[in-house]
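Chemist: One structure follows; several queries about it will come next.
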Amino acid sequence: MLIIFQHGKGFIKDFIQLMEEPRPPYTTVASIVKNLERKNFIKGKRYGNTVEYSPVMEESEYKSKFMSGVVQNYFENSYKEMVSFFVEKKKISAEELQEIIKLIEKK
């Protein structure tokens with residue numbers, strides 16, 4: 001999805017070219033793109049046998065929906081559980097937690 005946001009719109013072959021080596025097979029990318037379309041994150045416009053895809057929402061809206069799904073599906077709908085997970089895995093520092101607390105207090 002990030003590549004689609006960066007490119008704006010394009011065909012599956014365009015998205016593959018923007019990926020780092022080793023690039024996944026066309027069928028793998030096509031499957032992912034079809035799933036994104038099924039979930040209404042992107043839309044396709046047919047030109048003969050090819051389809052040009054573009055996002056249907058802003059990147060910030062996508063991130064919000066994506067993260068909400070992650071929290072709901074993997075952390076029992078608890079952001080506290082998610083933060084605890086990152087603390088346990090040493091992926092977030094005390095300083096970063098303090099910054100998060102300051103952001104929360106400002107709101």
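Bear in mind these aren't lab numbers, they're just calculated from the coordinates by the rules spelled out. Fair warning: this is a prediction, and the values are worked out from it, not measured in the lab. Here the Cβ positions follow ideal geometry from the backbone for every residue, glycine too, while neighbour counts run over all protein chains shown.
Chemist: How many residues are among the aromatic types (Phe, Trp, Tyr) and surrounded by 13 or more Cβ atoms within 10 Å (Cβ to Cβ) when one looks only at the stretch 45-65?
Modeler: Step one: filter the stretch 45-65 for residues among the aromatic types (Phe, Trp, Tyr), giving 47, 53, 62.
Filter once more, keeping what is surrounded by 13 or more Cβ atoms within 10 Å (Cβ to Cβ): 53, 62.
Here the count works out to 2.
Chemist: Among Ser84, Ser54, Ser68, which is in contact (Cβ under 8 Å) with a residue 24 or more places away in the chain and either closer than 19 Å to Gly8 by Cα or part of a helix (DSSP H, G or I) (or both)? Give the steps one after another, and end with the answer.
Modeler: On the way: Ser84 fails: in contact (Cβ under 8 Å) with a residue 24 or more places away in the chain; Ser68 fails: in contact (Cβ under 8 Å) with a residue 24 or more places away in the chain.
After ruling out the rest, the residue left standing is Ser54.
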